[in-house]
1. Per residue of the chain, what 222 nm ellipticity follows from adding -39500 (n - 2.57) for every DSSP H run with n ≥ 4, rounded to the nearest 500?
2. Give me the dipole magnitude in Debye, nearest 20, for the range 170-257 about the Cα centre, with unit charges on the beta carbon: positive for Lys and Arg, negative for Asp and Glu.
3. Over the range 141-309, what relative contact order in percent results from Cα pairs under 8 Å that are six or more residues apart?
4. On a 0 to 90° scale, report how tilted helix 406-424 is relative to the longest principal axis of the chain, with both axes built from alpha carbons and the result rounded to the nearest 10.
5. If the only charges are +1 at each Lys and Arg Cβ and -1 at each Asp and Glu Cβ, what is the size of the charge dipole of the range 141-309 around the Cα centre, to the nearest 20 debye?
6. May I ask you to sort LYS328, LYS233, LYS453 by Cβ crowding, counting other Cβ atoms within 10 Å and putting the fewest first?
7. Based on DSSP, what percent of beta bridges with both residues in the range 141-309 are antiparallel, to the nearest 5?
8. So for the chain, taking the charge dipole from beta-carbon charges (+1 Lys/Arg, -1 Asp/Glu), which of ALA76, PHE382, LEU311 sits furthest toward the positive end?
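Rule-based calculations on the coordinates, nothing more; no lab input. Predicted model, so just to flag it, every value in this text is computed and none were measured. A quick note on method: Cβ atoms are made from the backbone with ideal geometry, for glycine too, and the neighbour counts reach across all protein chains shown.
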Amino acid sequence: MNKEILVIDDNPDLRFLICKILKEEKYEIRSAANYDQAEKEIKKKLPDLAIIDIKLDKSDKDGIDLLKLIMSIQPATPVIMISGHATVQIALESIRLGAYEFIEKGTSFSTDKLLNYIARAIETAELKKEKDIIENKLFHSFDLIGSSQSISKVKKTIEKLSNSESRVLINGPTGTGKELIARKIHKHSQRTKEPFIVLNAALLKEKTYEKELYGQEFDDGNVSFGVLERANKGTLLIDEISEIPLETQANILRVLIDQKFKRINGKKDINVNIRIISSTSKNLGDLINVGKFREDLYHRINVVPIEITSLKSRTEDIPLLVDYFKKKIADLNGVPEVSIDSNSTEFLTYDWPGNVRELRNFVERITILSVDENKDNIKKIFSEILNNSSIKQTNESLSDAYSVPLKEAREKFEKEYLINQLKKNHGNISKTADFIKMERSALHRKLKSLGIKGIN
């Protein structure tokens, strides 16, 4: 289905021109000449993207008010602001309020530039939607499960933090659920309605830390916002904080003390109100001793420490986790719950080097592979996976994904996911396309691009 764009401009000639160009590009178009018309269109149905002129005649309200209205309904909606009279301050204000881009009318106005911004804005919105779906599946829909002393202590700490603004340091092995804990802290805090932003320090190149943190100002007046600004009034999780270079650590310390910073190339201080949660799988004390982590920063971030132990050290939680994942994964995938014994010796004796993440992946894998299989076959699948160390391979594959660029990691995941879905539907393209909510032709193209052939 083609994307729908709402064009709002009081200049009939420019409005007609923009609409004509967008129709030629196969976009669905609605238009409005003033605030009242635009308000009716927005409330009738929110568009996939809006193009809004800042100054609107015959109305007490302007394009900024329309931008605020759209953001109040759905902040993820991309909005491109245009104006022939706006100042740099108004342009920056529109970006701060949530606009994707700002374009000046006049000699610098270009339909090619507009079409480029529209394409990028829609693509960014789609990627964010996809990211939100994944995050919802991975985090928001999952609970912190377990009755062990370790998990019970973590749950109590989260409860105690509900009325606190204290900084938190979460320490634990990879795959134990550190980000899930951070999200639970945010959800139960007074900042729950504000942004939760994640900065994964392990995935950044050394030269990009400053830009990711502070954002950047450009000569043409455009601004890219860093995580500190995007997390304002909310929570910022710095994942694997041990990977941040020493120089950048000093700058973070300064932000924690002053609650303000300057964008790259910026001259004005940006004041922020952020709760910092940090996580690490390494021993920061050891890194301090060898000069790789600042002791003063450590004391600033480690106000409330949370220790999450490996799954191997709390085997009493494994049956609870298996039962929970069986039901949750079946519901999320729309398939029957797999018939496996959560108290099986195999579950309890395996080391689970990838911790809870590995266990969840294993349950998801056996759930998908067990669709339409009888009990004997399910037992056979279960045994084969364990005996052939397939879960180890799966975990290694996931670990490998963290060492490659995002595009490559995504392709690996997509390929494995689609193969499993095709197997579940015995190679039926139509059924698979219907289940994953993808057009049949698009699925064919995707399978071809990933080199997937003839699965029965």
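1. -15000 deg cm²/dmol
2. I would put it at about 620 debye.
3. On the way: 292 pairs, mean separation 55.5, N = 169.
Dividing the mean separation by the residue count of the range 141-309 yields 33 percent.
4. Helix 406-424 and the main axis of the chain meet at about 60 degrees.
5. Numbers: 27 positive and 22 negative charges, 111 e Å.
The calculation lands at about 540 debye.
6. On the way: LYS328 20, LYS233 12, LYS453 7.
Least crowded to most crowded, the residues run LYS453, LYS233, LYS328.
7. Values: 6 of 25 bridges.
DSSP beta bridges in the range 141-309 are roughly 25 percent antiparallel.
8. Comparing the listed Cα positions along the dipole, PHE382 ranks first.
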